[in-house]
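Reviewing the structure listed below.
Please treat every number below as a calculation from the coordinates, not as lab data. Since the model is a prediction, treat every value here as computed from it, not as a measurement.
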Amino acid sequence: MIAAVAAATFTATALFSGPVPAAASGCGYKATTTVHFRSGPGSGYVSLGLLRKGDRVGNPQEKRDGWWKTWTMDRTASGIKSGKTGWVKASYLRKAVCMQLD
């Protein structure tokens, strides 16, 4: 019986400890329209792809002249992989609303 309780405790600890995934650490921001996801803070930098309206990005890691360095929280509608880092003009983003379904 003690061994079973110890095993269950170990399993629960292993499942629920450790780093929280980026997507779980906040709701991030959503694109308000189709916008380029760029390699640097400005329209002169290479486009890494497009964010479509509703695509989610994480909280800004850096801000420069109205541009935010961020990352994709999910695979985007245009196919940019989750976790990709890039720059977006901040005026095309709005805070995402968190929803919890019980």
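In table form, for the structure just shown:
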| read-out | value |
| --- | --- |
| Amide H contacts of Gly49 (H built 1.01 Å from N, under 5 Å, at least 5 apart or other chain) | Phe37 |
| C-alpha center-to-center spacing [segment 39-74, segment 76-94] in angstrom | 5 Å |
| Under the Karplus curve 6.51 cos²θ - 1.76 cosθ + 1.60, θ = phi - 60°, whole-Hz ³J(HN,Hα) for segment 74-79, x wherever Gly or Pro sits | 9, 5, 7, 4, 8, x |
| Under-5 Å amide H pairs with Arg64, H placed in peptide plane, nonlocal only | Lys69 |
| For segment 41-50, Karplus couplings with θ = phi - 60° (6.51, -1.76, 1.60), whole Hz, Gly/Pro x | x, x, 6, x, 8, 4, 7, 8, x, 10 |
| Phi to ³J(HN,Hα) by Karplus 6.51 cos²θ - 1.76 cosθ + 1.60 over segment 58-68, Hz, x for Gly, Pro | x, 4, x, 8, 7, 10, 8, 6, x, 10, 10 |
| Amide H contacts of Lys84 (H built 1.01 Å from N, under 5 Å, at least 5 apart or other chain) | Thr72 |
